[in-house]
1. I'm trying to understand the selection: among the residues of segment 82-94, which are surrounded by 13 or more Cβ atoms within 10 Å (Cβ to Cβ) and not in a strand (DSSP E or B)?
2. Taking A58 as the residue in question, decide whether it is among the small types (G, A, S) and at pLDDT 95 or above.
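The values are calculated or read from the model by the stated rules, or taken from the named source; none is laboratory data. Here the structure is a predicted model, which means the values were calculated and not measured. Here the Cβ positions follow ideal geometry from the backbone for every residue, glycine too, while neighbour counts run over all protein chains shown.
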Amino acid sequence: MPKLIPVALFSPAEPLASAAAAAEPEDLIRERLLALLGEPPELLRVQVKPLWGNHYRANVFVGKGPAVRMAHSFFLEVEDGAIVTSSPALDRAY
C-alpha cells in the first residue's frame, strides 16, 4: 500500500498572490517592446526567450494561417524591466 504524503491546506487567512505581483520578466519586456515598436497589423504573438543573465531574444510574429511570418527579431539587454540596448535598433515602426 502506498504511503500518503500530507498536503498543506490553504488557509483563508493567507492572502493570494496577485497576478500583477507575479508578472514574469518576459511579460514586461513584451509590453515595453510593443510600446516602443508599435503594434503591427495582424500581430499574432511576441515571443520573448531568456538567453543568459539580462539578455533576451524577442521575435514578433504576424499573419494568419499559412501566411505567418517573423516580422522582427531583436537581441535585447534588459535592466529592471527596461530595454537598455537592442540589436538591431528598436525604432517605432507602427
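1. Result: L90, single match.
2. Yes, satisfied.
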